[in-house]
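Colleague: Mind looking over this structure? Questions follow.
The values are calculated or read from the model by the stated rules, or taken from the named source; none is laboratory data. A quick note: this is a predicted structure, and the numbers were derived from the prediction, not measured. Reconstructed Cβ throughout: ideal geometry from the backbone, glycine too, with neighbour counts over all protein chains shown. What goes into the accessible areas is simple: the full protein's heavy atoms, side chains included, and nothing from ligands, DNA or RNA. Shrake-Rupley method; radii C 1.70, N 1.55, O 1.52, S 1.80 Å.
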Amino acid sequence: MPGHLLGLRNWKMEHIQEVMERSFFLSRYRERKLDYLRGKLVAALFFEPSTRTKFSFEVAARWLSADFYDFPVEMSSVVKGESLLDTILTLKSMGLNALILRHPQSGTLEWLQNKVDITLINAGDGSHEHPTQALLDIFTIQKYFDRLKGLKIAMVGDIKHSRVVRSSIKGLKEMGAEVYLVGPPTLLPYCFQETGAKVGSSLEEVIKEADVVYLLRLQRERQQAGLLPSLEEYSYLYGLNIERLLLLKEGAMVMHPGPLNIGVEITQEALDKLHTSPPSGITVSIQRQVENGIIVRAALLDFLLKGDG
Ligand code: NCD
């Protein structure tokens with residue numbers, strides 16, 4: 001048993017496979033409430049905004065009959081100066097079994113892991129990892145293509161600040177996919193060459209070959225001055241527009257973790273076309289990713305909490 005989910009980097013291949021198998025199993029029962037986690041208390045503590053991740057965990061936990069508590073950071077003692085550790089220890093004393101934490105500081109969960117005796121789940125720490133997004137994306141790809149082995153997954157855009165990329169590279173490669181990273185050189189540091197992903201800067205070349213074109217959200221809140229000349233130039237060079245959409249190969253899937261910056265990583269016209277009259281065989285899975293997020297997060301909670309008395 002892995003105990004926590006801090007990131008996919010320190011997770012074994014068997015753990016990823018186990019969550020995938022459970023997700024496929026649970027997806028058959030989405031219409032009815034299950035009682036696998038009755039009596040468990042799960043809390044979310046989010047120090048950064050979130051709509052879909054937090055709500056998705058809440059729906060997942062309630063689906064499996066766990067009690068879910070959304071800890072309001074802005075009204076809590078954390079604001080009065082109580083440390084993060086004290087807050088978590090207080091929650092633990094109230095019977096908490098698992099804490100889902102989002103924090104702007106990379107590495108926060110690693111720092112906490114030996115200090116608290118509850119299951120920790122990383123819902124995004126700075127630019128470091130966002131493992132549940134990677135797991136739900138792996139599930140979405142696996143479900144659509146019926147395999148991961150040999151698929152070419154192109155992740156496009158703000159690689160430098162992306163916690164989704166850092167988690168996904170490990171997970172996708174473990175499952176046999178080939179990962180391509182494309183973005184402006186200022187947002188695609190050299191260290192990514194060491195991940196085993198193929199690194200490039202021409203979007204046109206890569207999207208012609210890709211089975212999945214994964215658009216990343218430009219992390220405007222994490223940009224330092226000078227990395228981007230302008231949003232218009234970024235969109236011109238790396239945004240998905242109608243011309244680029246027509247280059248995608250038949251059967252390809254377009255993904256995005258949300259929330260979308262329309263007019264930056266994708267134009268409104270390209271998005272409308274994907275929703276209303278996509279080029280032959282092309283699919284967009286943004287909605288499907290959200291639906292699958294509930295299933296995968298439920299599978300993860302069940303996996304992590306099943307042996308927890
Ligand atoms: C991601 C996040 O917050 O890191 N979004 C999400 O969880 N739905 C991706 C992003 O914001 O870029």
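Colleague: Taking a ≥ b ≥ c as the square roots of the eigenvalues of the Cα gyration tensor of segment 159-256, is the shape rounded (a/c under 1.5), prolate (a/b larger than b/c) or oblate?
Modeller: Values: a/c = 1.82, a/b = 1.10, b/c = 1.66.
The shape class here is oblate.
Colleague: Within segment 1-105, which trypsin sites (Lys or Arg not before Pro) sit in a loop by DSSP and count at most 14 neighbouring Cβ atoms inside 10 Å? Kindly include the intermediate steps, with their values, before the conclusion.
Modeller: Numbers: sites: Arg9, Lys12, Arg22, Arg28, Arg30, Arg32, Lys33, Arg38, Lys40, Arg52, Lys54, Arg62, Lys80, Lys92, Arg102; in loops: Arg9, Lys12, Arg30, Arg32, Lys33, Arg38, Lys40, Lys80.
Passing sites in segment 1-105 are Arg9, Lys12, Arg30, Arg32, Lys33, Arg38, Lys80.
Colleague: Run the numbers for Leu34 and Glu209: contour at 0.36 nm per residue of separation, minus the present Cα-Cα distance, in nm.
Modeller: In short, 58.9 nm is gained.
Colleague: Which distance in Å, rounded to a whole number, links the C-alpha centroids of segment 131-157 and segment 205-251?
Modeller: 18 Å
Colleague: Sort out the exposed loop GluC sites (Glu not before Pro) in the chain (DSSP loop, at most 10 other Cβ within 10 Å) and tell me the longest stretch that has none.
Modeller: 32-249
Colleague: Mean separation of Cα pairs under 8 Å and 6+ residues apart, divided by the residue count of segment 131-288: what relative contact order is that in percent?
Modeller: 22 percent
Colleague: Another question, then. Based on DSSP H runs of at least 4 residues, each adding -39500 (n - 2.57), what is the mean residue ellipticity at 222 nm of the chain after dividing by all its residues, to the nearest 500 deg cm²/dmol?
Modeller: Mean residue ellipticity at 222 nm (helix-derived): -11000 deg cm²/dmol.
Colleague: Kindly write out, for segment 233-244 in residue order, the coupling ³J(HN,Hα) from the Karplus curve 6.51 cos²θ - 1.76 cosθ + 1.60 (θ = phi - 60°), rounded to whole Hz, with x marking Gly and Pro.
Modeller: Coupling constants for segment 233-244: 5, 4, 5, 4, 8, 10, x, 8, 10, 4, 4, 6 Hz.
Colleague: Turning to a different aspect of this structure: Once you charge only the Cβ atoms, +1 for Lys and Arg and -1 for Asp and Glu, what is the size of the charge dipole of the chain about its Cα centre, to the nearest 20 debye?
Modeller: Using only the charged Cβ atoms, the result is roughly 620 debye.
Colleague: Under the Karplus relation 6.51 cos²θ - 1.76 cosθ + 1.60, θ = phi - 60°, what is the ordered set of whole-Hz ³J(HN,Hα) values for segment 106-117, x standing for Gly and Pro?
Modeller: 4, x, 4, 6, 4, 5, 7, 4, 9, 9, 10, 9
Colleague: Once you sort the root eigenvalues of the Cα gyration tensor of segment 1-66 as a ≥ b ≥ c, which label holds: rounded (a/c under 1.5), prolate (a/b larger than b/c) or oblate (the other case)?
Modeller: Details: a/c = 1.65, a/b = 1.05, b/c = 1.56.
It is oblate, given that a/c is not under 1.5 and a/b is not larger than b/c.
Colleague: Shifting gears a bit: Quick check: from the Cα gyration tensor, does the chain come out rounded (a/c under 1.5), prolate or oblate?
Modeller: Prolate, since a/c reaches 1.5 and a/b exceeds b/c.
Colleague: Let me ask something else about it. Keeping every protein chain in place, order Leu151, Leu231 by accessible area at 1.4 Å, biggest value first, i.e. largest first. Please report the intermediate quantities before stating the final value.
Modeller: Values: Leu151 0, Leu231 60 Å².
Descending order: Leu231, Leu151.
Colleague: Quick one: 3J(HN,Hα) in Hz for segment 254-262, Karplus 6.51/-1.76/1.60 with θ = phi - 60°, rounded, Gly and Pro as x.
Modeller: Values per residue, Gly and Pro as x: 9, 10, 7, x, x, x, 7, 9, 6 Hz.
Colleague: In square angstrom, what is the accessible area per residue of segment 131-288 with a 1.4 angstrom probe?
Modeller: Value for segment 131-288: 42 Å² per residue.
Colleague: Take every Cα pair under 8 Å in the chain that's 6+ residues apart, average their separations, divide by the length, and report that relative contact order as a whole percent.
Modeller: 20 percent
Colleague: If you don't mind, there's one more thing I want to ask. When the accessible area of the chain is split by element with a 1.4 Å probe, what percent falls to carbon and sulfur?
Modeller: Carbon-and-sulfur percentage of accessible area, whole number: 51.
Colleague: Over what distance in Å are the Cα centres of segment 1-52 and segment 259-295 separated?
Modeller: Segment 1-52 and segment 259-295 have Cα centres spaced 25 Å from each other.
Colleague: Let me check I've understood the local charge: for Asp158, count other residues with C-beta under 13 angstrom from its C-beta, Lys and Arg +1, Asp and Glu -1. What total comes out? Don't jump to the answer; show the numbers that get you there.
Modeller: Details: positive: Lys160, Arg163, Arg166, Arg217, Arg220, Arg222; negative: Glu221, Glu265.
Neighbourhood net charge equals +4.
Colleague: Let me know the number of lysine pairs in segment 131-288 closer than 20 Å at the Cα, not counting same-chain pairs under 8 apart.
Modeller: Eligible lysine pairs with Cα atoms under 20 Å apart amount to 24.
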